[in-house]
Amino acid sequence: MASIPTSIHTPLILGEKTPSVVTTDICSALERRPTLSWWIAIAISSSMLLLGLIAVGYQIMTGIGTWGLNNTVGWAFDITNFVFWVGIGHAGTLISAVLFLFRQKWRTSVNRAAEAMTIIAVMCAGIFPLIHMGRPWLAHWMAPYPNTRGPLWINFRSPLVWDFFAISTYFTISFVFWYVGMIPDLATLRDRLKAGWRKTAAGFLSLGWNGSFRTWLHYETVYLLLAGLATPLVISVHTIVSWDFATSVIPGWHTTILPPYFVAGAIFSGMSMVLTLMLIARKTMHLEDYITKQHVGAMCKILIATGGMVAMAYLTEFVTALYSNSQYEQFAFMNRALGPFSWAYWIMVSCNILSPQILWFKAARSNMLVVFMVTIFINIGMWFERFVIIVTSLHRDYLPSNWTSYSPTWIEIATLVGSFGLFLTLFLMFCRFIPVIAMAEVKGVLSHGRRK
Amino acid sequence: MAEGSRKLASDRRFLLAVFTSEDEILAATTDARDRGLTIADVYTPYAVHGLDKAMDLRPSRLPWVCFALGLAGASFKVWFEFWTSASDWPINIGGKPWNSLPAFFPVTFEVMVLFAALSTVAAFLLGRGLLPGRRAKLASPGVTDDEFALVIEETDASFCVDEVTARFRVMGATYIEERIEQESI
């Protein structure tokens, strides 16, 4: 009966929790009426979403001539937003799969929310290639199906087709991983809620889960296999996104460092967005015992590591350009740092390289306001990174007579705002209807009832 | 007479013991196995590590499903890419060869992951009878919250309920109940 909580390590979850306290803490947030701050937040986010819907509707009816693109700059805001959102998604898979394989137990407090963020971010990302097609009602032409046009098959040698397969596989696998991880918690909700539509829904979706250990044994195997599959998948997805650029012959894009550079950048930006959201959720949903300074500190260390990789990539690009002795390559990088878009370049450098350096200090890592500010800077910096890569490489190409500039129209800005609206609205809905912390996993890392 | 004896034969008797912590359920399960009792199942709110050894369970064979279907998915996709690009309607794109195996690799990889993951999950759900809308049969109402339930099947004629009950009480069981399950004939 007696359980002696051992604390050789600092406990992951504070406050001497027992499994039933975990259930109550996490579920009570769903059973309460929404707070005023939640209503205010959803009012703002759904207004942003509405603005985005209007903009997208207008540009689909009128055509993508409503964007600021021109003959020289054929990719700009849309693809920047696409790469930005796909990158955001990667941290969820990092936390749920990679850290699972590395047996990082602290991940249990944040994996549910991070995976939700992944799924929502990939939805946001998916909008941009879709509307960029110009005729989104023909989007199904991307899929290889027997058709009446020949059948004319898709070109499997094209990186854009690879991208379609990568993003759709990534979305599917992330969603399945998230759902499988949620089945035990849905069963907990089903057995706890009073009769009503939520109980019915939880009962339907929990698939008759009864906590049988024979099932748990297979469940753990499935979870491990999914983690093992999602890890190479997440690397492949951003590698393929980078190939959209690297396989073309544009100076600044056509380089072999792009895949690792993009993967590191994706994890960096995603981890920063996870922190932004978790710091807000921790405060507003009173989850300080579950998402402790230890968790925040661990995520800050990942930010320093991946930020270092990104800095290394920025430097390597310059050295490669210098060493290549190719005047186009050298010009592209000089133009990035000193040309008309140098302001964007230096925002990128100061946000992504300089701002995370403060996290080397423990005092900064344990000050939630400082960490929050740094994550906001990184979110901005990583958006600008994609903008810099895309626009500065295009706007001054091989032929000086083609040189031009680019500025977004209000339609493009409204679409970006709308994607943030979609992201925040869906995340707020997630916080209301789904346990934000994986209860069955957190219960397994408590020190309650365990001597080891 | 005949009906009564058949009914008796099909009755399955179970002993349910509910514990409140991981250590207790591990100790009780190990103890039950060591004394040769038949462990029907153990119900826990989370995956208790070491319980598979305590229950003497074999490792899951789902990795084979994952491997086989992943391989099948990848093979199918390579064949499909060759067939569409080189056989059914070959189109010259930038002078690239019909047989562009390196360029076929990324999509093949994605499809392999898709097949492997979805088939593993499907095999798991079907194998364990987890289907949408299915009603859960709970050993004890708290097993999805904070209770750990050990269910022993009374397979042996010499099974002494009182003795086992007393044993579980000492090991910390908070609730013990004998259940009889009648199988419909």
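Coordinate-derived values only; no laboratory data. This structure is a prediction, so every number in the text was calculated from the model and none was measured. Glycine also receives a Cβ, built like all others from the backbone with ideal geometry; neighbour counts cover every protein chain displayed.
Here are the numbers for the structure shown:
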{"quantity": "Partner lysines for B:Lys77 [C-alpha distance under 27 Å; skip if fewer than 8 residues away on the same chain]", "calculated": "B:Lys96"}
{"quantity": "Per-peptide average of other Cβ atoms within 10 Å, ordering A:207-218, A:246-257 highest first", "calculated": "A:207-218, A:246-257"}
{"quantity": "Among B:Phe104, B:Leu114, B:Phe159 the positive-end extreme of the charge dipole of chain B (Cβ point charges)", "calculated": "B:Phe104"}
{"quantity": "Mean-position separation - Cα centroids, the stretch A:229-248 and the stretch A:377-438, in angstrom", "calculated": "19"}
{"quantity": "Range of Cα positions in the stretch A:149-255 per principal axis (Å), largest first", "calculated": "60, 34, 27"}
{"quantity": "Residue pairs, from the table A:Lys105/A:Lys199; A:Lys17/A:Lys293; A:Lys194/A:Lys443; A:Lys293/A:Lys362; A:Lys301/A:Lys362; A:Lys105/A:Lys301, whose Cα atoms sit over 19 Å apart", "calculated": "A:Lys105/A:Lys199; A:Lys194/A:Lys443"}
{"quantity": "Charge dipole of the protein assembly as shown about the Cα centre (unit charges at C-beta), most positive-ward option of A:His286, A:Leu101, B:Trp83", "calculated": "A:His286"}
{"quantity": "Under Karplus coefficients 6.51, -1.76 and 1.60, residue-wise ³J(HN,Hα) of the stretch A:190-200 in Hz, glycine/proline x", "calculated": "4, 7, 10, 5, 6, 3, x, 5, 5, 5, 4"}
{"quantity": "Efficiency of FRET from Cβ geometry, A:Ser366 and B:Thr165, R₀ 56 Å, rounded to 0.05", "calculated": "0.60"}
{"quantity": "Dimensions (Å) - the protein assembly as shown, Cα atoms, principal axes, largest first", "calculated": "100, 63, 46"}
{"quantity": "Translational diffusion coefficient (Stokes-Einstein; Kirkwood radius from C-alpha pairs) of the stretch B:62-128 at 4 °C, 1.567 mPa s, in µm²/s", "calculated": "100"}
{"quantity": "In order through the stretch A:127-132: 3J(HN,Hα) via Karplus (6.51 cos²θ - 1.76 cosθ + 1.60), integer Hz, x for Gly, Pro", "calculated": "4, 6, x, 4, 6, 5"}
{"quantity": "Inter-label distance for A:Lys194 and B:Asn99, nm, one decimal - labels placed 7 Å from Cα along Cα-to-Cβ", "calculated": "7.1"}
{"quantity": "Cβ-Cβ FRET estimate between A:Glu220 and A:Leu315, R0 fixed at 35 Å, reported to 0.05", "calculated": "0.25"}
{"quantity": "Karplus-derived 3J(HN,Hα), 6.51/-1.76/1.60, for each residue of the stretch A:439-446, Hz, glycine and proline x", "calculated": "4, 5, 7, 5, 4, x, 10, 6"}
